[in-house]
Amino acid sequence: MPKPCDLKINIDGQQIFLLKEKVISKYCGGLKKILNHQKRRCHVKELGIRINDFPGGPKGFELVSMFCYNNGKIQITVANVSLLHCCAVYLGMTEEAFSNNLLQQTETFLERIYYWKWNDILASLKSCQLFYTYADGYGLLEKIISALAKFVQNSDSNLLTSSPSASSWSSSPESNFAKRFSFSSKKTTPEKIKSCLPRKAWWFDDLATLPPTIIEKLFQTIGAYKADNKDLILTRFLLHYLKIATQTKMVNCRNSNEYAALAETAAYGVISVGKETFSCRGLFWVLRIVSKFGLSRDCRTELEKLIGGMLEQATLDDLLVSGHDMGVYYDVNLVIRLVRLFVDINGSDGLSLQKVKRVGRLIDKYLREISPDQNLKISKFLGVAECLPDSARDCYDGVYKAIDIYLESHPTITFEERSRLCRCLNYSKLSFEACKDLAKNPRIPPRVAMQALISQQPKISTSDRVTESPRMKHSQIVLYNEASRESFSQERRDMRLNIEKMQWGVIELAKLRKQTNVQMPQLFTHNVLLNPARASSSPRFC
């Protein structure tokens, strides 16, 4: 009497199935070949094999066993058709082994996939995640994604061509696929499309639950992958998808490369529609999203060109993009690149001077914001300060304030580095108040202070406001008091004495000009310089 079970099959080391070899071999052609080969080698009565990495694991093989023991019949549904199909291909359950075998039955069921409902397609696609390699290799994934793409493309075209009265239908996937939208009799313009276009289609949240590998294949099937993406709705979906991925912490250092192609596809979609659809702030938001996954150099360059061309619309918050270079808190290199692109695009246009000055004021604010960063190098500070032409600033007071903040936050930098940092100043464009503060600032090298004062001489000699006036107090024209002077080194003390002499010279030149204009017979200036008693009554710089 034959044994009821003469075959042991170990699936993935998780479960052992005791089966009749005759029943299983009848439907599984591939398994039959393996068993016959084992019989010839071992000559044993009870066969046993181990199958590793079986599609769906023990659950998949259990469905196959049910099919075989039920005389080649099993209820095929949307939920199990993908798994059954992969198992049938894996075990060779073709027509050669048995008529109307499992593979034929699953293929017949899948032929009507384009008539399935949206939720059915989505459920079938999600089930493939457990055996993705097999579903992809056997062509099943491509077939399901093609059906899904029809829904997405149909929804996309309806959003762009339907009249406002039909827009309410877009909330239902079945109505989108089965019904025709009524077209507006008025001419559709890009401006109307942009104003009426919803920011989020009904299928966004459903597809957001799928893994990046499936989303990538969806875009490849649609023909909107990487640089081929010209579709605004698909671009908005990708940005929505990537945003959710970052917020839910689905992305980590191990799988971030899986999202890189999607991020690049989204970036190219933004580039294709340009500033007609996205504001400057919106472009910075896009840059923050896609930069987390990495972009190719060409793609990043094109996106930064788009932002750089409208940088005058940016705010300080827009520029404060997190950085990862040498511990610097903000991405200073990005701002330098954007400003240079802005200058290249707008610098040659004489009508863009106001734009350049607006960016100049923005950069001065940015400098003051990044100056306290302990990891910010002087070269990076200068890179930001000097990336704009001199015409971008009517006044350099903002740059001086940023330098003062930097020096206060970095007290250990050398005397030479301080002098180097101040090279980005245009002393002639400093206000008189800023120049006074600079001259009194102990963090500023004396040579720099002297150059700043020299640059003020033309202003003083050509303005009646800087000559001696009864309204000016004795303390208003004083540079340094004795207490501060004693704290400086001998070099700094000598330098400041020279500066004082120059100040008195400037005052005397101004007085000489005034007295010449009124034809005074006597030069008051010479007496002041030679008579210390009279000099003490003269006004001093403060």
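Descriptive notes on the structure:
- The combined condition, being assigned to a helix (DSSP H, G or I) and out of contact with any Pro (no Cβ under 9 Å at 6 or more places or on another chain), is not fulfilled by Leu376.
- Some residue of the stretch 405-419 being open to solvent by less than 10 Å² (accessible area, probe 1.4 Å) and modelled with pLDDT of 95 or more: yes
To keep it simple, each residue is scored yes or no on (1) more than 33 Å from the chain's Cα centre (by Cα); (2) in a helix (DSSP H, G or I); (3) aliphatic (A, V, I, L, M); (4) outside the structural domain of Pro442 (by the TED database).
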{"residue": "Ala402", "(1), (2), (3), (4)": "no, yes, yes, yes"}
{"residue": "Thr412", "(1), (2), (3), (4)": "yes, no, no, no"}
{"residue": "Arg418", "(1), (2), (3), (4)": "yes, yes, no, no"}
{"residue": "Leu421", "(1), (2), (3), (4)": "no, yes, yes, no"}
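- Selected residue (only one of Cys42, Cys128 is hydrophobic (A, V, I, L, M, F, W, C) and under 20 Å from Phe17 (Cβ atoms)): Cys42
- Some residue of the stretch 150-166 being at pLDDT 90 or above and aromatic (Phe, Trp, Tyr): yes
- Cross-chain or 6+ apart pairs with Cβ under 8 Å, the stretch 390-406 first and farther than 18 Å from Ile370 by Cβ, then of a type in the set (A, V, I, L, M) and not in a helix (DSSP H, G or I): Cys395/Leu430
- Within the stretch 1-47, the residues that satisfy the criterion of being at pLDDT below 90, open to solvent by 40 Å² or more (accessible area, probe 1.4 Å) and outside any helix (DSSP H, G or I) are Met1, Pro2, Lys3, Pro4, Cys5, Asp6, His43, Val44, Lys45, Glu46.
- The stretch 93-126, residues that are open to solvent by less than 30 Å² (accessible area, probe 1.4 Å) and under 36 Å from the mean Cα position of the chain (by Cα): Trp118, Ile121, Leu122, Ser124, Leu125
- The stretch 272-286, residues that are within 13 Å of the chain's Cα centre (by Cα), in contact (Cβ under 8 Å) with a residue 12 or more places away in the chain and closer than 25 Å to Leu210 by Cβ: Val286
- Exactly one residue among Arg300, Arg361, Arg337 is over 30 Å from Ala245 (Cα atoms) and either modelled with pLDDT under 90 or of a type outside the set (Gly, Ala, Ser) (or both), and that residue is Arg361.
- The condition of being crowded, with 18+ Cβ neighbours inside 10 Å, within 22 Å of Ile233 (Cα to Cα) and in contact with a Pro (Cβ under 9 Å, 6 or more places away or on another chain) holds for only one of Ala266, Ala261, that being Ala261.
- Taken as a whole, the structure places Val343 among residues that are in the same structural domain as Ile378 (by the TED database), farther than 28 Å from Met250 by Cα and at pLDDT below 95.
- Any pair with Cβ under 7 angstrom, 6 or more apart, that starts in the stretch 237-251 at a residue that is among the hydroxyl-bearing types (Ser, Thr, Tyr) and ends at one that is open to solvent by less than 40 Å² (accessible area, probe 1.4 Å) and not in a helix (DSSP H, G or I): Tyr241/Ala208
- All positions within the stretch 366-386 that are farther than 24 Å from Pro442 by Cβ, surrounded by 19 or more Cβ atoms within 10 Å (Cβ to Cβ) and not aliphatic (A, V, I, L, M): Tyr366, Lys380
- If you go through the stretch 58-115 and keep only what is in contact (Cβ under 8 Å) with a residue 60 or more places away in the chain, assigned to a loop (DSSP other than H, G, I, E, B) and under 20 Å from Ile9 (Cβ atoms), you end up with Leu91, Gly92, Met93, Thr94, Ala97, Phe98, Asn101.
The values are calculated or read from the model by the stated rules, or taken from the named source; none is laboratory data. Values in this document were obtained by computation on a predicted structure and should not be read as measured data. Cβ: placed from backbone, ideal geometry, glycine included. Neighbour counts: every protein chain shown. With ligands, DNA and RNA removed, areas are computed over all heavy atoms of the protein, side chains included. Shrake-Rupley method; radii C 1.70, N 1.55, O 1.52, S 1.80 Å.
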